[in-house]
C-alpha cells in the first residue's frame with residue numbers, strides 16, 4: 001500500500017524501551033499479565049556462538065541425525081487448518097470412561113504402594129503371564145520366562161538393534177521400513193539393506209539373493225527386521241508360503257529374524273496367519289516384538305519382547321541402562337484391565353471403526369487420485385502406502401500440499417535409508433473420521449493432479 | 001517477538017525467534033512471544049508492544065504482509081519496511097533492482113506455473129538452456145532457506161527441477177549457475193548502513209548450500225571473517241551496501257553472493273529477515289565483528305521503525 005501522506009513515510013524511531021524483568025512463560029494466556037517467575041540463568045545463557053561449542057563434541061551416532069526439509073514440513077501438519085493423514089495414531093476416543101475409572105480404582109485400592117514403587121527390569125510377573133495369553137490368542141505359544149516387558153514397542157525395537165548391531169553392521173529390512181525404526185538404525189549406525197515387498201509382503205526370494213550377495217561381500221547381515229502383518233508403512237501382509245519359506249531360510253542359513261508385530265490383532269478382513277515366532281517353533285531364530293499400543297492404548301507405553309533366554313539376558317542389561325524398568329503404574333493398569341475386561345471386545349470395536357475408515361480412504365483414493373497412482377489395500381493395520389509416478393517427488397509435493405491445499409501425509413523417503421521412496425507416501429486412516437478422510441484425500445488428489453498436469457505441460461520428462 | 005507462523009520455514013523461524021528472544025531477555029527487555037496466527041492483530045492490539053521484533057521467515061512474515069499490519073497498528077518493527085520486504089522476497093524483482101544499481105547478478109528467466117500450463121513455456125526451455133548454459137539453477141521466485149532449489153546438471157534434469165521449484169511457489173526462475181565461494185554479508189543500520197564482516201559457508205558434502213547444509217551442525221564449515229584479501233572483502237561490503245540501498249532496506253538484511261574463480265562477485269539474493277539460528281550466518285558475522293550476538297540484536301531493535 002502507498003501511504004497517503006508523504007510525511008508518514010519518514011522512518012520513525014522506536015520509543016525508548018522500558019527495562020523490566022517481567023517475563024511471560026511460554027504458552028501462558030496472552031490476555032493477562034502473569035507475575036514473573038524467578039529468572040533462570042541457563043534459560044537465556046547461550047548465544048548461537050555458545051551453542052557451537054557442542055558441535056565438535058557430539059557422538060558420531062548423534063551426528064547422523066540431520067535437519068531435514070521433511071521434518072520441518074511435517075511439523076506443519078499439526079496446524080489446525082490442515083487435515084493430517086500423516087499421523088500414526090490409533091483411535092482412543094472410544095475407550096469407555098467407566099472402564100478406565102474401574103481399572104484406576106482397582107489399582108489405587110489394591111496395589112497402590114507397589115504401583116508407585118520400582119519394579120523388576122523384565123516386568124511384572126502378572127503382566128508377563130497376561131502377555132503369554134495375548135500371544136496365545138494370536139496362536140503364538142510362549143512361556144512367561146520368554147517375555148520381557150518394554151516401554152512401548154519402540155523400546156523393543158531399540159533393544160533388538162542395540163543388543164546385536166555394532167556400528168557398520170549390516171541389517172536387512174523391508175523397503176520401505178517402519179519410519180520409527182529408522183532412528184534406531186541410524187543411532188546404532190547400522191548399514192541397512194532394503195528388501196522390496198509386493199502384495200504378498202516381503203520378497204523372500206530376494207532375501208535369499210541378498211544373503212548370497214552380502215556373504216560374497218563379506219558383510220552378512222546381523223539380523224532381518226520385518227513387520228509381517230499390515231506393514232507400516234507398506235500396508236501389505238506376508239503370505240503363509242513366504243512366512244514358511246522365510247523361517248526355513250532362517251534355519252538353513254542361520255539368519256536371526258526380528259519380527260515386529262504391533263498390528264497383528266488389528267485385522268478387518270481375512271484369516272489370521274501364523275507368526276514367524278510360531279513357525280520357528282522354539283528353534284530360537286525369531287525374536288518377537290509387540291505392544292499394547294494398538295490393542296489397548298499407546299499412552300500406557302507398554303510393549304514386550306519374546307526371545308530366547310540368552311538374548312533376554314543381554315536385552316535386560318540394555319534395558320537397565322535405558323530406563324531400569326518400565327512404568328510399574330502403567331504395567332499394573334494393564335494387568336488390572338486385562339483381568340477385569342475382555343480386551344478382544346475392545347479390539348473388535350476398534351476394528352469396526354478402522355474398517356469403515358479404511359473403506360472410506362480406499363473409496364476416496366479411487367475417486368480422487370489420477371490413474372497413474374497405485375496404492376495398497378490393507379486387510380488390517382493403520383496405513384495405506386500410495387505410489388505415484390516416478391517423476392513426482394513427494395517431499396516437494398508435501399510443501400504444496402501443506403501450503404496450498406492444507407493436507408499432509410508422510411513422504412515415502414522417511415521409510416528408506418538409501419534415498420528411495422521419493423515417489424511414495426504413507427496415508428493414515430485410523431486416526432481420522434470418515435468425512436475428514438474423504439475431504440483430505442480430495443485435497444490430496446488436487447495437489448497430485450496439479451503436478452501431473454504440470455508434468456504434461458512440460459512435455460513429459462524422463 | 002513475532003515468530004513461527006504458517007510458512008514452510010516455520011521451524012527455522014522458531015529457532016531464530018528463540019535465540020533473539022533469549023538475547024532480548026539478557027538485555028533486560030520485557031518480551032512477549034507471539035506465534036503468529038489468525039489472532040495476531042487482536043493480540044497486538046491488546047498488548048500494545050513498544051516494538052515488534054520480527055523473526056519470521058518466508059511467506060507472510062518476510063514478504064511485507066506482517067509489516068503492513070504493523071504499519072496499520074502503528075507498532076514500530078525491526079528490519080526492512082513493507083516495500084523492501086516485497087522486493088527482497090521476490091528474487092525476480094530483487095535481481096532487477098540489483099542490475100539497475102550496477103550490481104552483477106547471474107542472468108535468469110522467470111516463468112509462472114500458468115506460463116507452462118497455458119502458453120507452452122516448456123517449449124522455450126531448450127532456448128533458455130542454450131543462453132544460460134548448464135548447469136542451470138532452478139529456484140522458486142519466493143522462498144527462503146534454499147527450499148525447492150535444484151542445480152540441474154544435465155538437460156534432462158531441468159523439467160524435474162522445475163516441478164520441484166513449482167511445488168514451493170507459482171513462479172520459478174532459471175538462473176545461470178555460478179561456481180565459486182558462498183559469501184554472505186550482513187548489513188546493519190538505517191541512515192548510515194554498514195556491513196559486518198563477510199562470512200563464507202563451505203558445505204562439506206552437498207554441491208551447494210542447501211537446506212540440510214544450512215541447518216545441520218557440522219555439515220557446513222564457516223569462515224568468519226572469510227579469508228579474502230582486503231580489496232575483495234571491501235568490494236563484497238560495497239556490493240552488499242549497494243544491494244541494501246537498491247532495495248530500500250533498513251535495520252538489517254543479509255546479502256548472499258558467489259565469488260567466482262576470477263574474484264568477481266555475483267549477488268544471488270537479499271534476505272530481509274536473516275536467520276538467527278545456531279547455524280545461521282548473521283550471528284557468525286556478529287561474532288566476527290567482535291560485537292557478539294546480543295549487541296547485534298540490540299542494534300536491530302534500536303532501529304525498529306515505521307514507514308515503508
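Values quoted throughout were computed directly from the atomic coordinates according to the rules given, and no laboratory measurement underlies them. Bear in mind that the values here come from a model prediction, so they are computed numbers and not experimental data. Positions of Cβ are backbone-derived with ideal geometry, glycine not excepted, and every protein chain shown enters the neighbour counts.
Tabulated results
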quantity: Values of log10 I(q)/I(0), in the order q = 0.15, 0.23, 0.25 Å⁻¹, for the stretch B:46-115 under a Debye, Cα-only, solvent-free model; calculated: -0.60, -0.99, -1.07
quantity: Projected-area average for the stretch B:108-176 over all orientations - Cα convex hull basis, square nanometres; calculated: 3.8 nm²
quantity: Diffusion constant of the stretch B:2-78 at 10 °C, which comes from Stokes-Einstein with the Kirkwood Cα-pair radius and 1.306 mPa s, µm²/s; calculated: 128 µm²/s
quantity: Fewest-first ranking of B:57, A:251, using other Cβ atoms within 10 Å as the exposure measure; calculated: A:251, B:57
quantity: Principal-axis tilt of helix B:10-26 within chain B, Cα atoms, nearest 10 degrees; calculated: 30 degrees
quantity: Helix axis angle, B:91-100 relative to chain B longest principal axis, alpha carbon, degrees; calculated: 90 degrees
quantity: Folded to 0 to 90 degrees: helix B:293-302 orientation relative to chain B principal axis, Cα; calculated: 80 degrees
quantity: Evaluated over chain A, the Cα radius of gyration and Dmax, each in Å; calculated: 25.3, 87
quantity: Alpha-carbon Rg with Dmax, taken over the stretch B:103-218, Å; calculated: 16.0, 48
quantity: Contact order relative to length of the stretch B:141-232, as percent, for alpha carbon pairs under 8 angstrom and 6 or more apart; calculated: 23 percent
quantity: Sorted by Cβ density within 10 Å, fewest first, the residues B:210, A:260; calculated: B:210, A:260
quantity: Rg over Rh [alpha-carbon atoms, Kirkwood Rh] for chain B; calculated: 0.96
quantity: Contact order relative to length of chain B, as percent, for alpha carbon pairs under 8 angstrom and 6 or more apart; calculated: 23 percent
quantity: Computed over the protein assembly as shown, Cα set: Rg, Dmax in Å; calculated: 28.7, 87
quantity: Estimated FRET transfer efficiency (residue A:89, residue A:442; beta-carbon r; R0 25 Å; 0.05); calculated: 0.75
quantity: Shielding by other protein chains, A:389-402, mean Cβ within 10 Å; calculated: 4
quantity: Prolate/oblate/rounded call for the stretch A:160-318, Cα gyration tensor, a/c under 1.5 rounded; calculated: rounded
quantity: Gaussian network model of chain B, Cα within-10 Å springs - most flexible of B:264, B:48, B:250; calculated: B:48
quantity: Exposure proxy order (Cβ contacts within 10 Å, fewest to most) of B:16, A:438; calculated: A:438, B:16
quantity: Length-normalised contact order of chain A in % [C-alpha pairs under 8 Å, at least 6 apart]; calculated: 21 percent
quantity: Residue with peak Gaussian network fluctuation, chain B [Cα springs, cutoff 10 Å], from B:196, B:32, B:132; calculated: B:32
